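The values are calculated or read from the model by the stated rules, or taken from the named source; none is laboratory data. Note that the structure is predicted; figures quoted are calculated from it, not measured. Counting neighbours? That spans all protein chains shown, and the Cβs are built from the backbone with ideal geometry, glycine included.
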Amino acid sequence: MRGISKRFWLFYTVLLALTLSCQRQKEKEQHFVIGFSNCTGNDAWRRTMLHEMQRELNFHSQLEMIYRDAHESNQKQVQQIKDLIKLQVDLLIVSPNEAEPVRPAIELAFQQGIPVIMVDRKSNSRLYNAFVGADNHQIGKIAAQYAAQLLGGKGNVLEVNGLPGSTPAQGRSNGFREGLSAYPGINVEVSLNGEWRFESAQRQVETFLKKNATHFDLVYAHNDTMALGAYEAFSALGRTNKVHFIGVDGLAGENGGMQLVREEILDATLLYPTGGGESIRLALDILNGKRYNKENTLQTTVIDKHNVRVMLMQAGKINDQQVMIEREQYKINDLNNLYARQRSYLLVLMISLIGAILTGVYIFYLLRSKQQINKLLTAQNIENLHQKNLIAEIATREEEAIQAKLQFFTNISHEFRTPLTLMLTPLEELLRLPIIANNKGIFQDLSLVQKNALRLLRLVTQLMDFRKMESGQMKVSVSENNIVDFTRQIFQAFEKTAAHRHIDFRLISNRPTILAWIDVNMLDKVLFNLLSNAFKFTKDHGKIFLKIVQDEKRQLIEIKVEDNGVGMSEETGSKVFERFYQGDNQKKYLGTGIGLALSKEFIELLHGTLSVESNLNEGTIFTVHLNMGNAHFAINEILQTSPPIEQLEAMGLMHSSVLQAEVKDLNAVISQNAVSAPYSLLIVEDNPELSAFLFRKLSPEFEVFLSNNAHDAFTICLEKVPDLVLSDIMIAGLTDGLALVREIKADLRTSHIPVVLISALGNLEEQIGGIQTYADAYFSKPFSFQLLHQTIKTILKNREILRDHFTAEVAGSIRSKQFNSKDKQFVNEFMALIEANYRNPDYSVDRMFKPLSLSRVQLYRKVKALMNCSVAEYLNMVRLQKARHTLSQGEHTIAEVAYESGFSSPAYFSTAFKTKFGISPSEFKKAKAN
Ligand code: FRU
């Protein structure tokens, strides 16, 4: 979902950016900046020019004009042109003040690649792109002809010049003079510089007239403004009579040339168009790369009293039209702006619309997803509810089942107690009878029965305690006791075991008497449990300390059981008080997993604490803390009298009998472990009682080796090469007993040894697993010793039969299904070695075990086990078989046969042959010959 959302906004942003950038691109492509440098803008003609330009620009929104007014200053105009160049205008329009001073600046612009249009006036250079303006020389000529007409070819003329450095002034003057050259009667008496301005002209003319009485028939001024100035001067002096005035420009507006003609101030004016509109159109063509003319000459005409009305009308109309056009133009511009705005709005609208549509689609998609998720969630909720109900139902049923099971356990535990008591009581009696005590075997068997019955009783009691604790029926009954004495009773029960196992076992107390309020039954079980654990996990020659400390300061009594046994991992340590938890170590002892949990609960019922500290392979400390005094118990929990000392002693006694039976078993093992017999067995069992029991039962008939772990067991197999291995599946050392079988069967040196497995868990998979690793038989506990005994004997017997078979077929090949591949491999190797060497009389067993990678004992035992003869016997047998075969062919003497078969002397050969076959070699040879 988040991915889709991200992609959506990205797409939308890109769309927007693209649309906007296209729009900007379009506008940028069409935009041009024109620079216009004007010599002056301070007169009607120039204003008209600018007005026309502006009007034209209005039609072309892509054009922008930067206007600079030089106020008739050459210097200023040069600077302004340079500034426009810097501004990087796209085109430059110049109307220079004077031709020469402004020329370099114009050439600079042209050389920098800026197109240059000269308008009205030129410079003294050809470096420009185009010129727009009327032909001033022509204007001068037409003015001359008109003057000649007015004067009838005779008269004096006063010329009022424009700025002499400007090209129109030069053209108009030269043209005029050229035109008059055809009329010798007309003289240009004087030329005055009116600088294109009214005031200058008026001043110059008035000054001249005041000084000179010359009569002038005609005044020719280079523009209408100067013509009016001259007229004013003449009229001020009252000398206008019979004087004609001609001007140039012919503007239509107020005080323009046309009005002056109409008012008969001027006789005529020569139309001089400004070229404002034309120059802008030309600029656009140049900028758009269109073809254009360099010289664009504007037309001129004479306006006088004959056509001035028409011209004024026309101009008025043109003006009206232009005003209209302008208005329309403004409207168009407004519309354009409106259009542009609306287009922008539309664009924004469009983008918004697309955005809205996309958002809509996205929202729709989200809604659909949400609906689907909701549907899914609803379905899941229903399913969850269903599951919950189901779980609740199952939990209730489970709880009921657990309760039923627990009830069953309680009932059955109760049921166990009676038969156990009925077994234990007569047993105790029996064990006391001298006839039994004197018969070692029976005494040991009965002791074993007693010990295990007591253990069962303890387990049953634990189960019942557990159930009581569960149902909250465990009642506390505390009495005041000397806890040191109390603990000593339990301590003493373990002393014999400790002595036998060389364990440094001590009871340490900081005071001889420490009074404590305890429930003797509970604390007895706790301490017995803690000590049993300590003994279980401490190796022989280890240490176990039982420490009691009265801590007055903390008002505590502390009992510690410390050992330096196998210890626990951190994980095991943290779970050791959990019910049914069996730590790594305990697995092999198959404990119930409730002893420590119960102990903790007992101590907690006494308002104390039980904690553990342990380090793997370093040891374990269990600590009990009990509060001093009895203030922490309820009244009904406090007993007024302490239990009699006999009761405490009885409890200790019971522990002793359990523990002592173990010691007896171990003694039995040691005392009987010296039997020599035709067959040897290896018993691999880590439960000392079962080990002792099997040893006791099997040692009268077999040589028995014992091992309590798989690693040692395999070493014994290599060293002693027993005839059979009897192993428990759950043993320490290797992963399990199955791994031991696999190892025995995979090694050439031990592969022939049959293995019988015993397991506590008699499930089918395990049996199959056991047989698959080539175990020869499998028993599950409880097993019948008789059946086990018989099975061992049968297996050994079968081996014997097999061996006989080999010896009978010494030279033949061996094909027996009962042999595993390792055995076959060994037999083949062994026979091949004999076959290769029997001819050598010095060849003996000393040279054999090395090539077969066996020790002398291993070779001897293996050959014995598989072939039931010694290596020497077998070698001898092969030699005799070979000799008999050679003899039967009758080609060799007896002596030859003897040496050939590896016998050192013919005499020894004869004796051996006779012993084996009951006939001497010579007799045998003779019999065969016949
Ligand atoms: C305006 C003006 C016109 C004239 C032109 C010549 O400044 O003097 O009257 O025709 O310039 O450049």
Review point. All but one of (1) surrounded by fewer than 24 Cβ atoms within 10 Å (Cβ to Cβ); (2) within 13 Å of the ligand (Cβ to nearest atom) hold for GLN79; which doesn't?
Key: (2)
Exercise for review: Identify, by number, the condition in (1) modelled with pLDDT of 95 or more; (2) within 16 Å of the ligand (Cβ to nearest atom); (3) within 25 Å of MET53 (Cα to Cα) that SER123 doesn't meet.
Suggested key: (1)
Review point. When you go through SER888, SER910, SER904 one by one, which is the residue that is modelled with pLDDT under 85 and of a type in the set (Gly, Ala, Ser)?
Key: SER888
**Study point:** the stretch 502-516, residues that are surrounded by 13 or more Cβ atoms within 10 Å (Cβ to Cβ) and more than 15 Å from ILE548 (Cβ to Cβ)
**Key:** ILE503
Point to revise | Any chance ASN319 is part of a helix (DSSP H, G or I), among the polar types (S, T, N, Q) and more than 30 Å from HIS31 (Cβ to Cβ) | key: yes
Practice item. Please determine, by comparing only the residues of the stretch 162-187 that are within 11 Å of the ligand (Cβ to nearest atom) and in contact with a Lys or Arg (Cβ under 8 Å, 6 or more places away or on another chain), which one is nearest to LYS122 (Cα to Cα). Key: THR167
Point to revise | Test set (1) under 59 Å from the mean Cα position of the chain (by Cα); (2) at pLDDT 80 or above - ASN636 fails condition number | key: (1)
Review point. Pairs, please: C-beta under 8 Å, at least 6 apart or cross-chain, first residue closer than 21 Å to ARG197 by Cβ and in the stretch 209-225, second among the polar types (S, T, N, Q) and within 16 Å of the ligand (Cβ to nearest atom)?
Key: HIS222/ASN161; HIS222/SER173; ASP224/THR269
Study note, to complete from the structure: Conditions (1) within 30 Å of GLN111 (Cα to Cα); (2) buried (at least 17 other Cβ atoms within 10 Å of the Cβ) -> ASN124 fails only (2)
Study note, to complete from the structure: Going through the stretch 13-55 in order, the residues found to be more than 16 Å from the ligand (Cβ to nearest atom) and either of a type in the set (Lys, Arg) or modelled with pLDDT of 90 or more (or both) are ARG24, LYS26, LYS28, HIS31, PHE32, VAL33, ILE34, GLY35, GLN54, ARG55
**Study point:** strands (runs of 3 or more DSSP E) contained entirely in the stretch 39-158, each with at least 2 residues that are within 30 Å of HIS244 (Cβ to Cβ)
**Key:** 130-134
Point to revise | In the stretch 246-286, residue farthest from the ligand (Cβ to nearest atom) [restricted to those that are of a type in the set (Val, Ile, Thr) and touching a residue at least 60 places away in the same chain (Cβ under 8 Å)] | key: ILE286
Point to revise | Residue, surrounded by the fewest Cβ atoms within 10 Å (Cβ to Cβ), within the stretch 208-245, restricted to residues that are aliphatic (A, V, I, L, M) and more than 16 Å from the ligand (Cβ to nearest atom) | key: ALA213
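Residue-by-condition table, conditions (1) at pLDDT below 85; (2) more than 30 Å from LEU698 (Cα to Cα):
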| site | (1), (2) |
| --- | --- |
| PHE364 | no, yes |
| LEU367 | no, yes |
| ARG417 | yes, yes |
| THR421 | yes, yes |
| LEU424 | yes, no |
| SER447 | yes, no |
Revision key, fill the gap. Screening LYS547, LYS496, LYS451 for residues that are surrounded by fewer than 21 Cβ atoms within 10 Å (Cβ to Cβ), under 60 Å from the mean Cα position of the chain (by Cα) and either on the phi > 0 side of the Ramachandran plot or of a type in the set (Lys, Arg) (or both) leaves only LYS547
Point to revise | Index of the failed condition, THR300 passing every other in (1) in contact with an Asp or Glu (Cβ under 8 Å, 6 or more places away or on another chain); (2) crowded, with 21+ Cβ neighbours inside 10 Å | key: (2)
Study note, to complete from the structure: Within the stretch 145-161, the residues that are away from the ligand (no atom under 16 Å from the Cβ) and on the phi < 0 side of the Ramachandran plot are GLN145, TYR146, ALA147, ALA148, GLN149, LEU150, LEU151, LYS154, ASN156, VAL157, LEU158
Review point. If you take just the helices (runs of 4 or more DSSP H) that sit entirely in the stretch 857-919, which of them hold at least 2 residues that are touching a Leu at 6+ places or on another chain (Cβ under 7 Å) and surrounded by fewer than 20 Cβ atoms within 10 Å (Cβ to Cβ)?
Key: 906-917
Review point. So which residues in the stretch 228-248 are among the small types (Gly, Ala, Ser) and more than 14 Å from HIS215 (Cβ to Cβ)?
Key: GLY229, ALA230, ALA233, SER235, ALA236, GLY247
Check your understanding: Checking TYR589 against (1) at pLDDT below 80; (2) within 30 Å of PRO688 (Cβ to Cβ); (3) assigned to a helix (DSSP H, G or I), which single condition isn't satisfied?
Key -> (3)
Study note, to complete from the structure: Scanning the stretch 683-700 for residues that are surrounded by fewer than 20 Cβ atoms within 10 Å (Cβ to Cβ), under 56 Å from the mean Cα position of the chain (by Cα) and assigned to a loop (DSSP other than H, G, I, E, B) gives ASP686, ASN687
Check your understanding: Of the residues in the stretch 99-115, how many are under 30 Å from GLU195 (Cα atoms) and touching an Asp or Glu at 6+ places or on another chain (Cβ under 9 Å)?
Key -> 1
Exercise for review: For the stretch 131-142, name all the residues that are within 12 Å of the ligand (Cβ to nearest atom) and hydrophobic (A, V, I, L, M, F, W, C).
Suggested key: ALA134, ILE139
Point to revise | Pair list, Cβ under 8 Å, 6 or more apart: the stretch 358-385 residue in contact (Cβ under 8 Å) with a residue 24 or more places away in the chain, other residue part of a helix (DSSP H, G or I) and of a type in the set (Val, Ile, Thr) | key: TYR362/ILE4; TYR365/ILE4
